[in-house]
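Taking it in order: structure first as structure tokens, then the write-up.
The values are calculated or read from the model by the stated rules, or taken from the named source; none is laboratory data. Note that the structure is a prediction, hence the values are computed from the model and not measured. Backbone-built Cβ (ideal geometry, glycine too); neighbour counts: all protein chains shown.
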């Protein structure tokens, strides 16, 4: 059972199980940020570069404190996000009950097997994220200083601190989740989980992204000066880090003791909450029907308005309803959208905090709005490509003909999801500055979003959620690199252009001409309409072969 549960953690299912995505590519990707962060610090600790800069007062013990804080924050953020996104696998479902309940196995044995597999799963992720930084960072900091014994102590201190921080995060999340499951009614718990996921992702990313701003607070703690940062879990494990390295000063010894108490308390609470909620949830799963949760209730007037103005055929109207209702009900697709949108929201908060108040229209505020728009559209495009109930796509196959255009419906759906975000950000700009600024921001956002939607849907020849092909599976690293590059361009760089345009509204005229030319060229290039794809082009997941 341990092997079964352990392997199940490393598979991500979409739909009814026809399409599965392994965790191996994700593990490879998660090793990269820590290694790049460590290598990027080489210039900071290089004795040659310090000699060139004539910096002879450099203290590596003090200079490394913010970097240690950053690596601990990264361990907490990644572990927490993995726990949030793998929520469904942490507790039993209807399939587990159907397969295991008839067997002569006690519920206690199932619980211990699941808990053992869960512990191994978490340890693999924590080690994977922190392995390369644990090796590289101490070597870069010490360079040619100290002995091998000092380097070994540095290695051990780093490994223990970041691993303990990651395990504490997972235990704390497990304790909170188990408590919510035991306290809330089953229906309320299922409906509220998506909001909890989004909130956790945003908070964890803000914790990590705010690490560079904490460098002065870390020095205060080392000097014994009271700081609000002492309430953050990252500071507790930084105290443990310094204590294990034998360099605890100021408030670090007290923070180290607090980290040990917090670790012990989180483990006890996690075991208790998980044990109680597991048995309750395991027995409760037999009474539930398999399928998506009820999701959000959508007003019928929404569909009538869209039908009258935008959708031409009955096939388009059916496709649009399928898109909206799947996003409203499917927990897998909601989790994917929450991850991308939560990432964008956290980056937007960081961008807004970095805005310079002296600018007429701070580019950081403009960039924050554009980042959210980009994350929303990219998340929608990614969600559209993930399959859902692939065995049921025969209904669309029978209803489709050569004249249908799912790309058009996809673009309409993405644009309608975008409108509330663009309107809200423009309203905020109009209130904070002038109404003209808000109107200009609305025009700029919609124009850039229109071009982005065209780019994201280029070559998208499937009806959303009906194809068994998982996008980005072949080259996950490249897909993430493209997403990050697009985020950089659509956020800070476009914000600079928008700030220039907002200084004089006459500058919008050539901008609108350029946007119109781009949209016209994109429409001209897609004149050739390709047939709709229903499965992986390699045939690997085609389960609907007619005549078999």
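Observations
Let's see how each residue does on (1) within 26 Å of the chain's Cα centre (by Cα); (2) modelled with pLDDT of 85 or more; (3) surrounded by 22 or more Cβ atoms within 10 Å (Cβ to Cβ):
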{"position": "375", "(1), (2), (3)": "yes, yes, yes"}
{"position": "382", "(1), (2), (3)": "yes, no, no"}
{"position": "391", "(1), (2), (3)": "no, no, no"}
{"position": "394", "(1), (2), (3)": "no, no, no"}
{"position": "399", "(1), (2), (3)": "no, no, no"}
{"position": "412", "(1), (2), (3)": "yes, yes, no"}
{"position": "418", "(1), (2), (3)": "yes, yes, no"}
{"position": "432", "(1), (2), (3)": "no, no, no"}
{"position": "437", "(1), (2), (3)": "no, yes, no"}
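- Residue within segment 175-194 that is modelled with pLDDT of 85 or more, under 21 Å from the mean Cα position of the chain (by Cα) and surrounded by fewer than 20 Cβ atoms within 10 Å (Cβ to Cβ) present: yes
- Single match in 49, 27, 65 (criterion: in contact with a helix residue (DSSP H, G or I) (Cβ under 7 Å, 6 or more places away or on another chain) and crowded, with 16+ Cβ neighbours inside 10 Å): 65
- Residue, modelled with the highest pLDDT, within segment 468-524, restricted to residues that are closer than 24 Å to residue 407 by Cβ and part of a loop (DSSP other than H, G, I, E, B): 468
- Unique match (being surrounded by fewer than 21 Cβ atoms within 10 Å (Cβ to Cβ), at pLDDT below 90 and part of a helix (DSSP H, G or I)) among 121, 97: 97
- All conditions but one from (1) assigned by TED's automatic domain parsing to the domain that holds residue 161; (2) at pLDDT below 75 apply to residue 84; the one that does not is (2).
- Just one of the numbered conditions (1) modelled with pLDDT under 70; (2) surrounded by 14 or more Cβ atoms within 10 Å (Cβ to Cβ) is not true of residue 258: (1).
- Being part of a helix (DSSP H, G or I), outside the structural domain of residue 134 (by TED's automatic domain parsing), at pLDDT below 75 and under 23 Å from the mean Cα position of the chain (by Cα) is a description that does not apply to residue 33.
- Residues (more than 17 Å from residue 223 (Cβ to Cβ) and surrounded by fewer than 16 Cβ atoms within 10 Å (Cβ to Cβ)) located in segment 241-255: 246
- Residue 225 farther than 18 Å from residue 59 by Cα, assigned by TED's automatic domain parsing to the domain that holds residue 82 and modelled with pLDDT of 85 or more: no
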